[in-house]
Each structure stands twice: as structure tokens, then as C-alpha cells.
């Protein structure tokens, strides 16, 4: 069967967030998919099984350690592969987070319709600030993750969390975020973030689509605009465009296929 590595939320190879995409020819066991994901060693590997004609296609995501309920960059990677192979228009995926849809847009942008996961204010778990090495301005909890706002983009950029201590924090992952620095021409991002998820085998994720389901409603509420641009300040970096539509959020980005081949086992 065919398998790919795709860099998501970037228009350049070796940037953004790499994901594996495996096009299944038949249903596969959970154990087998987990083994392939561990072999691929990407933050997530997506497994796609085509459904009935014009119906949703089954999509699942595995980190090297566990299956996850929602993954944006691997969904973008999967849609990019399908559009590269000749698909067009709207594609629907049946997932553990319900039906997700993608559309191919202008200039290589792919839009994804995801559920918004707005955070609610929460007490910071014991040891969170020490594990992150930053002073929170605000802490909230969404369905999966903790959101921690800090005072500046510089704090986000320079943070060096203690990953071992962060593993003890009760959440899938921890997002740290701040308003972006102003740029002279006003064309920069609106907010910045980083994402750490050592509990699911991902010490730091390069660009995290699902985290922007939390970031989009949070920053749209603070900034008073539905359409925003987020930049994830990992070493690889990446840009996610977000548009809030009630309880849904459209994530949009580009992707680049780095390699493709055949899986022999």
C-alpha cells in the first residue's frame, strides 16, 4: 500500500509539521497501525480507508505511542495527498471527533472544518509553571489540552520546559501562547504559540492544527475578529490561518509532499 511523508502548514519542505499518511487497502488492526506509526516516528501518522463512493472516508491518527482523537496537521497532510492524486472539491472524513471536511482552495491553501474547543478558565495544576519555566498570565482547559497565556511572544519563543516534569501534568498537551509582536507593515501573525505533549509521546509538536481549535476561539474573543493568523514558534515553524464560525473553526494551510513509497508489510 502507498505511504507518504507530508510537511503540513508550510509551503517549503523540511518546515512545518511532518505527518505520515498511509492509504489502507483494507481494514487494519489497531496494533498494526500503532506499529507503523512507531516505525514512522512522526508526531502523527494518518491511516485512511476509503468508504462508499461519495461517502465519508475513515481516518484515524496515531502518535508513536497512542491513538489520538483529533489531529489537524495529519488531516491536512491526508487531504493534500488526495488532492495531489486527483481529488477535488469537498472531502469528508469519518473520525473519532465526528465528520471532518476539507476543501481545496486558491493558491494551494487547503481548508479544514473542525470543531472549536474554546478553553474555560481553570486553576493552574500544581507544578505547571515550574514545569513550563514561565509565569502564566491566564490558564484555561479545553477538551484535550491546557492553554497558558504568557506576557509576550518573546516568552513563548524562549521557553525551555522541563519535559519530564511536564509529563506529570494532567492533559493531552499544554499550549503556551501570547499576542504576536507588531510588525512595521502590519502583515505579521496575530498570535503565536508552542505545543508540548509528552504524555502522548510528542515532547514538542512543530505545528499543531488541533491546538488552533483552542487558540482560534480564545484569540478571536480577545481580539474581536473571527479571521486570524497564528504562527507556531517551534524550530521548524508554521502558519495556521483560522476563521471562527460559531462552534466550528476553519483551519487553512499549505502542505508539501517530501517522499512517497510502498509499505511492504
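Couple of notes before you dig in:
- Residue identified as out of contact with any helix residue (DSSP H, G or I) (no Cβ under 9 Å at 6 or more places or on another chain) and closer than 20 Å to residue 211 by Cβ among 19, 38, 94, 77: 77
- Among residues of the stretch 1-35, those that are closer than 16 Å to residue 261 by Cα and outside any strand (DSSP E or B), counted: 2
- The stretch 208-227, subset closer than 21 Å to residue 139 by Cα and touching a helix residue (DSSP H, G or I) at 6+ places or on another chain (Cβ under 6 Å), residue surrounded by the most Cβ atoms within 10 Å (Cβ to Cβ): 210
- The set of residues in the stretch 20-48 being touching a residue at least 24 places away in the same chain (Cβ under 8 Å) and farther than 11 Å from residue 62 by Cβ consists of 21, 23, 24, 25, 48.
- Criterion: closer than 30 Å to residue 37 by Cβ, assigned to a loop (DSSP other than H, G, I, E, B) and in contact (Cβ under 8 Å) with a residue 40 or more places away in the chain - qualifying residue of 118, 203, 189: 118
- Residue within the stretch 139-150 that is exposed (fewer than 15 other Cβ atoms within 10 Å of the Cβ) and touching a residue at least 12 places away in the same chain (Cβ under 8 Å) present: no
- Selected residue [outside any strand (DSSP E or B), in contact with a strand residue (DSSP E or B) (Cβ under 9 Å, 6 or more places away or on another chain) and at pLDDT below 95] from 38, 77, 43: 43
The values are calculated or read from the model by the stated rules, or taken from the named source; none is laboratory data. Here the structure is a predicted model, which means the values were calculated and not measured. Methodologically, a virtual Cβ is constructed for each residue, glycine included, from the backbone with ideal geometry; neighbour enumeration extends over all protein chains shown.
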